[in-house]
Amino acid sequence: MRYAETGFNLEIDLSRGSIEKVQTDPRETALYLGGQGMAAKILFERVPAGTDPFSPDNLLIFSTGLLHGTPAPAANRTVVNTFSPQTNLMSHSLFGGFFGPELKYAGYDRIIIRGKAPDLVYLCIHNDKVEIRDAKHLRGKGSTETGDLLKKELKDQKVQVAAIGLAGENRVYMASIEHNHASAARGVGVIMGDKRLKAIAVRGTREVNIAKPAEMFQVCQDIHQKMAASNDCGDWMATDEDDSFHHNHFAWGNARTRIKNYWSDELQERWTRWKYEHMDRQTGCYNCPKKCRNVINWPGKPRFGYKCFGKDTYHMAAFLELDFSYEILGVAQEYGVDSYATPQVIAFALELLEAGILTDKDFPGMPADSRGRFFYLLEKIVRREGIGDILANSVSHAARLIGNGAEAFDHNTTKKFEQLPIKLGKLNPAYFLMIATGEKMSITQIEGSFPQDPLPTPEERKAFVDKWEAVPDEKFKKYFMEWVKRSDISDERTCEIVDWNEAMHYIDDSIGTCGFVSSFRGQFGGGVPYHMNNIPQIIALATGMEMDKARLWKTFQRIRTLVRAVNVKRGLRRKDERPPEDHWAVRDEKYEQELLSKYYAFKGWNEQGIPTRQTLELLDLDYVADELEEDGILSADETGSAAQPVAEPAKI
Amino acid sequence: MALPSKKIVKEIKVDIEKCTGCRACEMACSAFHATPRYSTINPAKSRIRIVADEIRDEYVPLRAADYTPSECTGRHVYLINGKEYSECSFCGASCPSRDYFVEPDSGLPLKCDMCESVPPLAEPMCVQVCGTDALTYVEREEDREQKVQPKRGQIEVGLEYLVQQYGIDAVAESLNELARVKKA
């Protein structure tokens, strides 16, 4: 009997039209948990190094987290992984809602999709009944519209649908996968579209078994109640109407301009009115008491949901106000585009026009005002019409295709991926390491456990650490107590802090818990419901596996190192690990490279950022070492290993 | 023996404006009614379902009521605050027109029992886990409708029929046995 997981993968080959239900090995669960961890293993083993992301051999994997479907609250983030044509690396994407748990109730831990359908299809899953169905009638339909149509077609309102819009169908690199009002960003919709897969509809009515039922339920109810009552978790931006932080500090346009005193009381009052006059309600995801998503019904536009910084990206790129974001977000949601990357692509194009690198001839019929231009370019991009066909390949690729100096305007990407529009003064060492070495393509996917800034007085610091349950080791309390100036912290401590930040994301993305109650949220208050000290117990109660903090930490190291190996196999090297050159005004190349070397050594990686054999063997990844050696990526005499606590892998 | 004149009515109040559609209630209900308790999770077996339509902003927590073998002949459509709700969104029947409140494997109907258990819960499980207070629990005392006592002749008519069917000896024996059990 398998607990917490179902023990089955759904293997779909869209070229051959084959569907298989394949039993999995529980020993692999002990090593990689689920979610992104298992997906990395599958991608490493099954996709050869030189595979073009647009090849039928590329895989698109929808994974549940290990705790999906159990009573663990906020375990609902579905993980989508594939290889991205934008970065040529492993895409890392997550979406909230109900899809993952429903998939588990249908009897599967993940869907592994290879091949390409001859024309648009959708995948229909109802427990053991799985069909690849014609989706030509859904061509061009909006993403949530598709979900709605499939519920009607299948006569089942309880079906959970993940779908692409027009952008995915047209293989736009910024295409997202949408599920109700949740969105999977960072480059996965393009591959779903390339595989001609319009949607996946899933309905499950089966049990998920719990190893230690009464204890698990009680522990989870305690966390659930704590979450409901706490202000230290969930998205406070859903209700905090003071959004001066993003508007005064983040950069507008093509990640270019800071407006330091933008925010005002008058503005806040007006924007708050816009919001509450048009907000239908705040909604949550499966089995989570937080209300992170604001659902807005803007006149004449599709109803949409937003979260976090997502409400700011469009109007800040366009130098407009919140009403513009409200106007365009529903449209963008139906087309299915990443709301972080897309506004930057549009602002980049408009900068090129201003600079004379593109001309009016490239934008026939474009309105003169910013509002009109954004809508115009969104249409061009999702349809790949005219200049939109180039812009649809993302800033980095478009810059190279356009040439003629356009490359200089690609100033806010790392690993060819659009970063948050942040331009600051002095280098922050921890943020340097996180942006440089992160393989989830966004700072939001690595930062989060250790506070961003020190607290001013010893008394405040003391009060903070006294209630700080989340620290995996007491040493972090000492580091925080002794931390006074932001950049004044030793490199060794910086490495450990970055590692802890990263650990929580890798664990969340393998067990399926949401960063807003775990990995992302501790930096803003410390009192997160999930942390290294209680997650091991929850995994143990749900699955029956032996699990403790040391084992979980080693599991993080294993998964993290495996993801690195997956990308190293595809060419990722030290030279790619650079934050945007203008991220900080004051840079110190020599110091940065020294710090990077120290961090690589700390992780047990060589000077190129490649995990050494010793590190790989310590983490039960001998097969990875063998393959990297065979491919000539790793030489057998590499030394150095991770300096972190190690333990036995979890036992079934 | 006449029933007490007062009874306790257990009510779950639903504020549909507060529901976020998280379905924690479904999870907890299916866990509580699993055998052994909490051993499996399956919202399809829950005796409370959220009738949700994210696109139209409809969220209605719905409690399983009685089984009915037939579909209704027609339905009201309610217009509330500008939104249309089918009567089905408020109807807890386990009926052939949808798969709510039907045990997925056996097809048997599921009915809310207000989590009656030994020892009793302070509140039904769905209410306990509702983090947004969309569900609240109220116990209310209500007058019981007093049934009119049957007249002597009415009982005899019934007995005559049973005697015709089974004979006087069988009926007398059954009555004596019943009296012994009830009076014990």
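The values are calculated or read from the model by the stated rules, or taken from the named source; none is laboratory data. All values reported here derive from a predicted model rather than from experimental measurement. Here Cβ is always computed from backbone atoms with ideal geometry, including for glycine, and neighbour counts include all displayed protein chains. With ligands, DNA and RNA removed, areas are computed over all heavy atoms of the protein, side chains included. Shrake-Rupley method; radii C 1.70, N 1.55, O 1.52, S 1.80 Å.
Which of the residues belonging to region A:184-218 are part of a strand (DSSP E or B) and within 13 Å of chain B (Cβ to nearest Cβ)?
So the first thing to find is which residues in region A:184-218 are part of a strand (DSSP E or B), and the list is A:184, A:197-203, A:208-209.
A:V202, A:R203, A:V208, A:N209 - these are the residues of region A:184-218 that are part of a strand (DSSP E or B) and within 13 Å of chain B (Cβ to nearest Cβ).
Within the group B:V148, B:V127, which residue is over 26 Å from A:V159 (Cβ atoms) and either aromatic (F, W, Y) or away from chain A (no Cβ under 14 Å) (or both)?
Details: B:V127 fails: either aromatic (F, W, Y) or away from chain A (no Cβ under 14 Å) (or both).
After ruling out the rest, the residue left standing is B:V148.
Based on what the data block shows, is A:N287 within 11 Å of chain B (Cβ to nearest Cβ), in contact (Cβ under 8 Å) with a residue 24 or more places away in the chain, open to solvent by less than 40 Å² (accessible area, probe 1.4 Å) and under 30 Å from A:T82 (Cα atoms)? Give the derivation first.
Working: within 11 Å of chain B (Cβ to nearest Cβ): yes; in contact (Cβ under 8 Å) with a residue 24 or more places away in the chain: yes; open to solvent by less than 40 Å² (accessible area, probe 1.4 Å): yes; under 30 Å from A:T82 (Cα atoms): yes.
Considered against the rule, which asks whether it is within 11 Å of chain B (Cβ to nearest Cβ), in contact (Cβ under 8 Å) with a residue 24 or more places away in the chain, open to solvent by less than 40 Å² (accessible area, probe 1.4 Å) and under 30 Å from A:T82 (Cα atoms), A:N287 comes out as yes.
Could you grab me the full set of residues in region A:122-169 that are aliphatic (A, V, I, L, M) and touching a helix residue (DSSP H, G or I) at 6+ places or on another chain (Cβ under 6 Å)?
The first filter runs over region A:122-169 and keeps only residues aliphatic (A, V, I, L, M), leaving A:123, A:125, A:130, A:132, A:135, A:138, A:149-150, A:154, A:159, A:161-164, A:166-167.
Once the filter is applied, which keeps residues that are aliphatic (A, V, I, L, M) and touching a helix residue (DSSP H, G or I) at 6+ places or on another chain (Cβ under 6 Å), region A:122-169 yields A:L138, A:V159, A:V161, A:A162, A:A163, A:I164, A:L166, A:A167.
Inspect region A:132-147 for any residue being open to solvent by 10 Å² or more (accessible area, probe 1.4 Å), within 14 Å of chain B (Cβ to nearest Cβ), under 17 Å from A:R206 (Cα atoms) and polar (S, T, N, Q) and give the result as yes or no.
Within region A:132-147 (the criterion being open to solvent by 10 Å² or more (accessible area, probe 1.4 Å), within 14 Å of chain B (Cβ to nearest Cβ), under 17 Å from A:R206 (Cα atoms) and polar (S, T, N, Q)), the answer is no, since none of the residues qualifies.
Inside region B:1-24, can you point out the residues that are open to solvent by less than 60 Å² (accessible area, probe 1.4 Å), farther than 21 Å from B:A122 by Cβ and either more than 7 Å from chain A (Cβ to nearest Cβ) or part of a strand (DSSP E or B) (or both)?
Passing the criteria: B:I16, B:C19.
One residue is enough: does region A:548-564 have a residue meeting the conditions in contact (Cβ under 8 Å) with a residue 60 or more places away in the chain and in a loop (DSSP other than H, G, I, E, B)?
Yes: one or more hits.
If A:G107 passes every condition in (1) within 14 Å of chain B (Cβ to nearest Cβ); (2) outside any loop (DSSP other than H, G, I, E, B); (3) in contact (Cβ under 8 Å) with a residue 60 or more places away in the chain but one, which one does it miss?
All conditions are met except number (2).
State all residues of region A:151-183 that are open to solvent by less than 10 Å² (accessible area, probe 1.4 Å), within 21 Å of A:V130 (Cβ to Cβ) and more than 12 Å from every other protein chain (Cβ to nearest Cβ); if no residue qualifies, say none.
Once the filter is applied, which keeps residues that are open to solvent by less than 10 Å² (accessible area, probe 1.4 Å), within 21 Å of A:V130 (Cβ to Cβ) and more than 12 Å from every other protein chain (Cβ to nearest Cβ), region A:151-183 yields A:A162, A:A163, A:I164, A:I177.
Kindly check whether there is at least one residue in region A:360-376 that is open to solvent by 10 Å² or more (accessible area, probe 1.4 Å), touching a residue at least 24 places away in the same chain (Cβ under 8 Å) and within 23 Å of A:S183 (Cβ to Cβ).
yes
Filter region A:294-307 down to the residues that are open to solvent by 20 Å² or more (accessible area, probe 1.4 Å) and touching a helix residue (DSSP H, G or I) at 6+ places or on another chain (Cβ under 6 Å) and list them by number.
Across region A:294-307, the qualifying residues are A:N297, A:W298, A:K301, A:P302.
Do we have A:I381 as crowded, with 17+ Cβ neighbours inside 10 Å and not assigned by TED's automatic domain parsing to the domain that holds A:V190 here?
Values: crowded, with 17+ Cβ neighbours inside 10 Å: yes; not assigned by TED's automatic domain parsing to the domain that holds A:V190: yes.
Criteria met by A:I381.
Output yes when any residue across region A:452-470 is in contact (Cβ under 8 Å) with a residue 60 or more places away in the chain, buried (at least 22 other Cβ atoms within 10 Å of the Cβ) and closer than 23 Å to A:P536 by Cα, and no when none is.
Within region A:452-470, one or more residues are in contact (Cβ under 8 Å) with a residue 60 or more places away in the chain, buried (at least 22 other Cβ atoms within 10 Å of the Cβ) and closer than 23 Å to A:P536 by Cα.
Answer with yes or no whether B:K7 is modelled with pLDDT under 95 and out of contact with any helix residue (DSSP H, G or I) (no Cβ under 9 Å at 6 or more places or on another chain). Don't jump to the end; show me each part of the working.
On the way: modelled with pLDDT under 95: yes; out of contact with any helix residue (DSSP H, G or I) (no Cβ under 9 Å at 6 or more places or on another chain): yes.
Yes, satisfied.
Quick one: count up the residues across region A:519-539 that are free of Cβ contacts under 8 Å to residues at least 60 places away in the same chain and crowded, with 24+ Cβ neighbours inside 10 Å.
If we filter region A:519-539 for residues that are free of Cβ contacts under 8 Å to residues at least 60 places away in the same chain, which is where we start, we get A:535-536.
Remaining after also requiring crowded, with 24+ Cβ neighbours inside 10 Å: none.
The total comes to 0.
Taking the stated definitions as given, is B:T132 of a type in the set (S, T, Y) and within 10 Å of chain A (Cβ to nearest Cβ)?
yes
Could we say that B:R63 is over 16 Å from the mean Cα position of the chain (by Cα) and in contact (Cβ under 8 Å) with a residue 12 or more places away in the chain here? Talk me through it step by step, then tell me what you get.
On the way: over 16 Å from the mean Cα position of the chain (by Cα): no; in contact (Cβ under 8 Å) with a residue 12 or more places away in the chain: yes.
In short, no.
Based on this model, can you work out whether A:A162 counts as in a helix (DSSP H, G or I), modelled with pLDDT of 95 or more and small (G, A, S)? Talk me through it step by step, then tell me what you get.
Values: in a helix (DSSP H, G or I): no; modelled with pLDDT of 95 or more: yes; small (G, A, S): yes.
The answer is no for A:A162.
Can you tell which of A:Q225, A:Q221 is open to solvent by less than 60 Å² (accessible area, probe 1.4 Å), modelled with pLDDT of 95 or more, within 11 Å of chain B (Cβ to nearest Cβ) and not in a loop (DSSP other than H, G, I, E, B)?
On the way: A:Q225 fails: open to solvent by less than 60 Å² (accessible area, probe 1.4 Å).
Unique residue meeting the criteria: A:Q221.
Residue check: is A:I328 within 13 Å of another protein chain (Cβ to nearest Cβ), among the β-branched types (V, I, T) and touching a helix residue (DSSP H, G or I) at 6+ places or on another chain (Cβ under 7 Å)?
Numbers: within 13 Å of another protein chain (Cβ to nearest Cβ): no; among the β-branched types (V, I, T): yes; touching a helix residue (DSSP H, G or I) at 6+ places or on another chain (Cβ under 7 Å): yes.
Taking the combined requirement at face value, the residue does not satisfy it.
Quick one: would you say A:G388 is open to solvent by less than 10 Å² (accessible area, probe 1.4 Å), in a helix (DSSP H, G or I) and either touching a Gly at 6+ places or on another chain (Cβ under 7 Å) or without any contact (Cβ under 8 Å) to a residue 12 or more places away in the chain (or both)?
yes
When residues of region B:115-165 are filtered for being surrounded by fewer than 19 Cβ atoms within 10 Å (Cβ to Cβ) and among the aliphatic types (A, V, I, L, M), how many remain?
10
How about region A:228-245: which of its residues are more than 8 Å from chain B (Cβ to nearest Cβ) and not in a loop (DSSP other than H, G, I, E, B)? Even if it seems obvious, please write down each step before you answer.
Step one: of region A:228-245, the residues more than 8 Å from chain B (Cβ to nearest Cβ) are A:229-245.
Answer for region A:228-245, where residues must be more than 8 Å from chain B (Cβ to nearest Cβ) and not in a loop (DSSP other than H, G, I, E, B): A:A229, A:W236, A:M237, A:A238, A:S244, A:F245.
Of all strands (runs of 3 or more DSSP E) completely enclosed by region A:7-76, which ones contain at least 1 residues that are closer than 23 Å to A:F556 by Cβ, assigned by TED's automatic domain parsing to the domain that holds A:H126 and open to solvent by less than 10 Å² (accessible area, probe 1.4 Å)?
Values: elements: A:8-13, A:18-23, A:60-63.
So the answer is A:60-63.
Can you name every residue in region A:325-367 that is small (G, A, S), within 23 Å of the chain's Cα centre (by Cα) and part of a loop (DSSP other than H, G, I, E, B)? I'd like the intermediate steps shown before the answer.
Filtering region A:325-367 for residues small (G, A, S) gives A:325, A:330, A:332, A:336, A:339, A:341, A:347, A:349, A:355-356, A:365.
In the following step, the residues that additionally are within 23 Å of the chain's Cα centre (by Cα) were identified as A:325, A:330, A:332, A:336, A:339, A:341, A:347.
Result: A:G336, A:S339.
What is the one condition in (1) more than 23 Å from A:A74 (Cβ to Cβ); (2) assigned to a helix (DSSP H, G or I) that A:D488 does not satisfy?
(2)
Out of curiosity, is B:L175 open to solvent by 70 Å² or more (accessible area, probe 1.4 Å), touching a Leu at 6+ places or on another chain (Cβ under 9 Å) and either closer than 30 Å to A:G107 by Cβ or not in a loop (DSSP other than H, G, I, E, B) (or both)?
On the way: open to solvent by 70 Å² or more (accessible area, probe 1.4 Å): yes; touching a Leu at 6+ places or on another chain (Cβ under 9 Å): yes; either closer than 30 Å to A:G107 by Cβ or not in a loop (DSSP other than H, G, I, E, B) (or both): yes.
It is true that B:L175 is open to solvent by 70 Å² or more (accessible area, probe 1.4 Å), touching a Leu at 6+ places or on another chain (Cβ under 9 Å) and either closer than 30 Å to A:G107 by Cβ or not in a loop (DSSP other than H, G, I, E, B) (or both).
Being surrounded by fewer than 19 Cβ atoms within 10 Å (Cβ to Cβ), of a type in the set (K, R) and within 14 Å of another protein chain (Cβ to nearest Cβ): is that true of A:K260 here?
Values: surrounded by fewer than 19 Cβ atoms within 10 Å (Cβ to Cβ): yes; of a type in the set (K, R): yes; within 14 Å of another protein chain (Cβ to nearest Cβ): no.
So A:K260 does not fit the description; no.
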